[in-house]
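Engineer: Mind having a look at this structure? Questions to follow.
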Amino acid sequence: MAETFIAIRKASPQPGAELAPMPLPDSLGPQEVLIQVDLAAICASDVHVYDWAPNVAASHLPLPVTMGHEFTGTVLQTGEAVKTLAAGDRISGETHLPCGECYQCQTGQQHRCQNLRLLGRQIDGCMAEYAILPEICARRIPSHFPVEQAALMEPLGVAVHAVDKAGVSGETVAILGCGAIASVRVKALRRGAQDCEYLLTLGRRYGLNREQLRSLVARKVAARAALRQLHEDDAAPVAFEALDPDRFAELREGIARLIEKARP
């Protein structure tokens, strides 16, 4: 194995990124694993980091840092205290690194850790040939699992968690958004929601094809336009917002109208 590997690094607080050599460690920490990255996905938040969007600039990222947090790979080495993984295991990445010590961590709410760190933000991420990760950030998956699906387990977890938390069984649901999280959430909702008013479906209903609707979403008006055309009997008592944070302010009026129409 070579002594160095290539990573996509966010090196300075401005738009852009760079390919940079990184050293492979001589040894791993007790709870660390060395992963050969098989496939990394690009999240919208990675684009925000690359562009150095205002919300990223305000988050005081510790630069330089290797970008990326959605990925799958193969375990090459493990630290001496690692218990759940072994060399040769295939894994899917977990974005969140909880401290394990705060009240939330001690009560089964690690995703709300007071000292939460994120892969690709506070610790080096997965857009690289190799990744050195805490054991908790690598979840073993079946060997036959397709890499394209394995790389997207993290956004799947986001969508499923929201659906489970909302308790939408038997409800009519509106999803605002057309991105990966919204698309996965539609799949998750089909487990229990009575009806799923997805914007793409809604767009076709009013004569918009996929390309037209995605263009409208990019221009921040799709949801408002769609909601204005909803009939009274189309009201949805549950709504999931899966939009770019910079676009949400543009849609508050439409979301408020949706909620108002759903009230008895």
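No value in this document is a laboratory result; all are computed from the given coordinates. Everything numeric here is computed off the predicted structure, so don't read it as measured data. Reconstructed Cβ throughout: ideal geometry from the backbone, glycine too, with neighbour counts over all protein chains shown.
Engineer: What's the extension gain from Ala44 to Lys83 if we count 0.36 nm per residue and subtract their Cα-Cα distance? Mind showing how you got there, number by number?
Structural biologist: Values: separation 39, 0.36 × 39 = 14.04 nm, distance 3.30 nm.
The Ala44-Lys83 span can extend by a further 10.7 nm.
Engineer: In nanometres, what is the gap between the two model label sites at Glu101 and Gln36, each 7 Å from Cα along Cα-to-Cβ?
Structural biologist: Each label point lies 7 Å from its Cα, and together they span 3.6 nm.
Engineer: What's the Cα-based Rg to Rh of segment 83-161, Rh via Kirkwood?
Structural biologist: Looking at segment 83-161, the ratio lands at 0.97.
Engineer: Rg and Dmax of segment 1-86 over Cα atoms: what are they, in angstrom?
Structural biologist: Every Cα atom of segment 1-86 included, Rg and Dmax give 14.9, 41 Å.
Engineer: While we're looking at this one, here's another question. Simple spin-label model, 7 Å along Cα-to-Cβ: Val160 to Asp26 in nm?
Structural biologist: Once both label points are built, they end up 4.2 nm from each other.
Engineer: Calculate the spin-label point distance for Ala57 paired with Ile141, positioning each point 7 Å from the Cα along the beta-carbon direction, and give it in nanometres.
Structural biologist: About 3.6 nm separates the two model spin labels.
Engineer: Based on Cα coordinates alone, diagonalise the gyration tensor for segment 53-97, multiply each eigenvalue by 5, take square roots, and list the semi-axes in whole Å, largest first.
Structural biologist: 30, 12, 9
Engineer: For segment 4-147, what is the Kirkwood estimate of the hydrodynamic radius, computed as the reciprocal of the mean inverse distance between distinct Cα atoms, to one decimal in Å?
Structural biologist: After inverting the mean inverse Cα-Cα distance, the result is 15.7 Å.
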